[in-house]
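Here is the structure we will look at, set down as structure tokens.
The values are calculated or read from the model by the stated rules, or taken from the named source; none is laboratory data. Because the structure is a prediction, the values reported are computed rather than measured. Because the Cβ atoms are built from the backbone with ideal geometry, glycine has one as well, and the counts that use them run over all protein chains shown.
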Amino acid sequence: MITAEQIAPLRRQEIDIDETEQLKKKMRLLYRDRSPFYLTAAEFEEILQWKLGQQIGRQRERRAANTEEIIRAVTGVALTISHPDKDYELELRVNLLCALRGVAIPVASAVLALVFPEQYAVIDFRVWRQCFGESRNIFSIADYKKYMFVIRHLANELGWSVQEVDHAIWEYDRKFGNFG
């Protein structure tokens, strides 16, 4: 498992940090000004573009079934639901977001990470590989909870945000990881 010492020099080294910060700021302002909160289809597509990059076309046909009305309804519930048990809240939010066609755990985690950056990070195969020593491209909710446990532990140890830890591990893997 990766250690705090290994990632400490990589704080704020993510290559798309400006784009990420702009999207988080946009979500923060929308969350403040839109009550009840939801995402429009255009806002959801912007998050998809940020998360998927060149892979955006892979599920486009499948995602086409997600109408404006459905995206607003599903994201509205997923992003406003609250529960004192934060693990259960994570499960509810992720399951609701995954009800949208073409959305799996990584995309759901991206939505949560942009809307609630103090609570969530984006699950990623690079970070998973460094945290758990195994390759994985498909994730379950149990995997995401396990992932967030490790990220939060390192964040507490370093005094960083969960996203700073996530980004530093991603960068560590990009620079030093096993690509074979």
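Worth a mention:
- For Y88: the one exception among (1) more than 20 Å from E46 (Cβ to Cβ); (2) free of Cβ contacts under 8 Å to residues at least 24 places away in the same chain; (3) in contact with a helix residue (DSSP H, G or I) (Cβ under 8 Å, 6 or more places away or on another chain): (3)
- Selection from the range 122-180 of residues that are farther than 18 Å from E5 by Cβ, of a type in the set (D, E) and in a helix (DSSP H, G or I): D143
- Qualifying residues in the range 163-180 (those that are of a type in the set (A, V, I, L, M, F, W, C) and surrounded by fewer than 20 Cβ atoms within 10 Å (Cβ to Cβ)) - the one farthest from S135 (Cα to Cα): F176
- Top-ranked residue in the range 7-22 [being modelled with pLDDT under 75 and surrounded by 12 or more Cβ atoms within 10 Å (Cβ to Cβ); ranked as farthest from G159 (Cα to Cα)]: D16
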